[in-house]
Structure formats: structure tokens, C-alpha cells
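The next block holds one structure in the form of C-alpha cells; read it before the comments.
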Amino acid sequence: MSWLRRPRAGGLIVLGTSALGGAAYRFTQSSTSDASLNPHTFTQYTLVKKRPVSSTSAIFTLRNRDGGPDPDSLKEGWKRSVWSVQVKQPQLQIARAYTPLPPNSDSSSNFDNEPEDLRFLIRLEEGGEVSTYLHRLPEQSTIELRGPNSECELPQDIKEIIFLAGGTGIAPAMQVAHALGQRLDSRMHILWANRRREECIGGVSDEVETNTAIQGRSSWWRSVFGLGQRTAQPTPIASQSSQGIGVIVQELDALKERGKAHTKGLIVQYYVDEEKSFIRPGDVAKRLGPGSPEQNGSKVILVSGPNGFIDYWAGKKFWVGGQEVQGPLGGVLGQMDLKGWSVFKL
Ligand SMILES: Cc1cc2nc3c(=O)[nH]c(=O)nc-3n(C[C@H](O)[C@H](O)[C@H](O)COP(=O)(O)OP(=O)(O)OC[C@H]3O[C@@H](n4cnc5c(N)ncnc54)[C@H](O)[C@@H]3O)c2cc1C
């Protein structure tokens, strides 16, 4: 799910999808009614709420306008997939993919057969056609969605996940945390990097980073933005901000709480570029564990965020015959002893 890779295009874009096993597909569809979300036609939703998260991002809450029931595929998707929908920009007739945030206590559906509201964390891209269009829309506007599209299916036997998220790459991480929160004995580490603290106000890392395992490589942010040398330092444990706790931070805290009873935990680490804290290879290495081949269950590293973030950590994805494919494992992870963990680029 590398962000910002869409070319400007005149026609509606069919987005490539891929699964952990390498297959690309859309969810099978039980209903083809235009009133229900479906992969074939655009369904009308109403923008019922736009809640700012920072100066450049907001959570958009969309409600199915005609109340068509959610397809079963969508309910299944929440349990086992990372998935997205396409949002249409009607004047330009283009569409971009966005990743629904997992339901929270605010997500409304009054009756069992009523569709759930869909919520999206959307960043305003400077000069970006669809994100600028969406951010300019007033509440009560109509927005058209098509989907769902599966980006990756979680293996049934998943045991542990390390999720490297850059910026709005946190949305798929939250989907995975939501799905994993219902699986016994799973453990998930999210390492979330942002340029600015305003995206994750009040976010306090669960673990102290010592960064002793591997040092000396520059961060993705550094390589992308050409910043100068930084001094090695531990990730600062942020103090509670006087401005309160950011919306996404609160939702991550809620996900931790929800999974507590069944799982071995959700551990979240915050890295903020402007505070000179960066995800380092050592932060990943120390979470790989000893790597015992007898251990049951898959262990997966997922990488999600802007193209440069994915390239830096895992190498480029490629387009082959109109489909986006994983490409070889490269980047920093490609040079590490991953002790049996597999890597998937979202
Ligand atoms: C599966 C998937 C899920 C996603 N989920 C989310 C999500 O949950 N939240 C989210 O915010 N984003 C998400 N994205 C990214 C999203 O789909 C869009 O790519 C993003 O919003 C930018 O789209 P846009 O139309 O606003 O920008 P675009 O018009 O595509 O432009 C993107 C950037 O490139 C620049 N640019 C474009 N064309 C050119 C050019 N020819 N020359 C120079 N510069 C150019 C623009 O100025 C802009 O800064 C997801 C992407 C994928 C593939």
C-alpha cells in the first residue's frame, strides 16, 4: 500500500491489489446492489463528520446514504485482511484508495442489518487531486466509494507481527491490530514514524529504545528529505502533552485495551522526525526474538507508508502486467538476518 504512487490519470484508476500469498484479488461480492458497498459500482455515502487530527490530516466519517446492508465480505475483511476502498473525484473521474479505520465506540450502526459508518484518516497532499478535493468538501456532501479491495490477507496461524508504519500507513496497522486483537496469543509491535508531533500528540512509546543492536544507518526520512547527520540517541519517551492526546493515539490506546484479554499485547512505538527520533534497524532487530524454527505460527513484518518509506525498509514494489507485485526483498530489511520472519510490503 505504498502511498502516493498514483500517476495523474484521466480515466478511473483500477488499483492493483495483492495478498500475502502473492495473489491479487477483490473480495468476492455477495450483493451487487448499488446501495451496498461493492467492487463494481460506486456507492453513495454522506460525509457525516470531518474531525481534524492535525493541520494536514483529518478523520472522515462516511455513512451509506441509502442504508444498503454491508456485504459479508466487508465483515470478513475486518477479521482477516488489510483492505481499502476507492474514493471517486467526480469532476476528474479519478479514484484513489483509502484504508478504513477499524470501528471504535463512536462508529455508529443502530441495527444489525444497518451498514457501519466508514472512517478514514486522510492526509491533505499538497497539489494532490483527490485529497485536496476531499478536504475541501463540507460535511453532508456525497462521496462515492467502490470496494472493498483486499491488500493482504493475514495467515490463519499468525503469531507475531512487526508493523513499520509511516504517516497514514498507521491506518492499515490499526486494521491489523483490530483483526489480531481477536486472535489468541498473538503479539503485535507497531513502529510508527511521523514527520511532526502534531500527528500523534501525547503518544508515548511503550518500550524504551536503546538502539544498541545496529546503528549508523540513516533513516528513511533522512534519505528522503536529505537532512544532515544526526547524533545517535534513544527514542524520547514523549511526555503527556498539555494539548491532550491525539485522536489516533487515543484509538491506538483503545486497541491495546481491547486486545488485552486474548493477546500477548499490542506494543506501540512513536518516532517523530522533528524530534529527531527515527526507527532504526536495531529497533526492528531486537523485536525479532531468538528465531526458533520449531516455533509454531507465522511471523510477519508489514511495511506501509509513502513509497520512500517502503523502498528504504524493504525495497521497491514493481508493476508487472498491470498488477503491483512485491518485488525482491531489499532495503534495510533485505540486509538483516530476519530469523525466519517474512516481509510484506503494503
Ligand atoms: C491501498 C492504498 C491505501 C491508501 N490508504 C490511504 C489512507 O488511508 N489515507 C491516506 O491519506 N492516503 C492513503 N493512500 C494514498 C491515497 O490513495 C492517495 O495516493 C493520496 O491521497 C494522494 O492522492 P491525491 O489524488 O490527493 O494526490 P495526487 O494527485 O496523486 O498527487 C500526489 C502527490 O504527487 C504530486 N504529483 C502528482 N503528479 C505529479 C507530477 N506529474 N509531477 C510532480 N508531482 C506530482 C502532487 O503534487 C502530490 O503532492 C492509500 C493508497 C493506497 C494505494
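The values are calculated or read from the model by the stated rules, or taken from the named source; none is laboratory data. This structure is a prediction, so every number in the text was calculated from the model and none was measured. With ideal geometry, Cβ positions are generated from the backbone for all residues, glycine too; neighbour counts draw on all protein chains shown. SASA here: full protein model, heavy atoms, side chains in, ligands and nucleic acids out. Shrake-Rupley method; radii C 1.70, N 1.55, O 1.52, S 1.80 Å.
When the stretch 305-346 is filtered for residues that are on the phi > 0 side of the Ramachandran plot and either under 18 Å from the mean Cα position of the chain (by Cα) or in a loop (DSSP other than H, G, I, E, B) (or both), the ones remaining, listed by number, are G305, G315, G321, G322, G327, K339, G340. Taken together, the criteria place E198 among residues that are assigned to a helix (DSSP H, G or I) and open to solvent by 10 Å² or more (accessible area, probe 1.4 Å). Out of (1) at pLDDT below 50; (2) open to solvent by 40 Å² or more (accessible area, probe 1.4 Å), the odd one out for S18 is which? The one condition S18 does not meet is (2).
Say whether the condition of being under 25 Å from H178 (Cα atoms) and either assigned to a loop (DSSP other than H, G, I, E, B) or of a type in the set (A, V, I, L, M) (or both) is met by at least one residue in the stretch 83-92.
Kept after step one, since they are under 25 Å from H178 (Cα atoms), are these residues of the stretch 83-92: 83-87.
Filter once more, so that each one left must be either assigned to a loop (DSSP other than H, G, I, E, B) or of a type in the set (A, V, I, L, M) (or both): 85, 87.
Yes, the conditions are met somewhere in the stretch 83-92.
With respect to G315, is the statement that it is modelled with pLDDT of 95 or more, of a type in the set (G, A, S), crowded, with 16+ Cβ neighbours inside 10 Å and not assigned by TED's automatic domain parsing to the domain that holds L121 true?
The answer is yes for G315.
With respect to Q156, determine if the residue is polar (S, T, N, Q), over 21 Å from the mean Cα position of the chain (by Cα) and either more than 9 Å from the ligand (Cβ to nearest atom) or modelled with pLDDT of 95 or more (or both). Answer is no for this residue. Counting the residues of the stretch 149-165 that are in contact with a helix residue (DSSP H, G or I) (Cβ under 9 Å, 6 or more places away or on another chain) and assigned to a strand (DSSP E or B) gives 10. Looking at the stretch 121-139, I want the residues that are in a strand (DSSP E or B) and have a partner that is near the ligand (Cβ under 6 Å from one of its atoms) with Cβ atoms under 8 Å, at least 6 apart or on another chain. Which pairs are those? Here the result reads L121/T99; L121/T168; L121/A171; I122/Y98; I122/S131; I122/T168; R123/S131; R123/T168, each pair linking the stretch 121-139 to a residue that is near the ligand (Cβ under 6 Å from one of its atoms).
Among residues of the stretch 90-104 being open to solvent by less than 10 Å² (accessible area, probe 1.4 Å) and over 30 Å from A254 (Cα atoms), the one that is farthest from the ligand (Cβ to nearest atom) is A95. Within the stretch 136-144, not a single residue is open to solvent by less than 50 Å² (accessible area, probe 1.4 Å), out of contact with any Pro (no Cβ under 8 Å at 6 or more places or on another chain), near the ligand (Cβ under 9 Å from one of its atoms) and within 16 Å of S57 (Cβ to Cβ).
Within the stretch 107-118, is even one residue modelled with pLDDT under 85 and either under 19 Å from P172 (Cα atoms) or crowded, with 17+ Cβ neighbours inside 10 Å (or both)?
Restricting attention to the stretch 107-118, the residues satisfying the condition of being modelled with pLDDT under 85 are 107-115.
Checking which are either under 19 Å from P172 (Cα atoms) or crowded, with 17+ Cβ neighbours inside 10 Å (or both) leaves us with 107, 115.
Yes, that holds for at least one residue.
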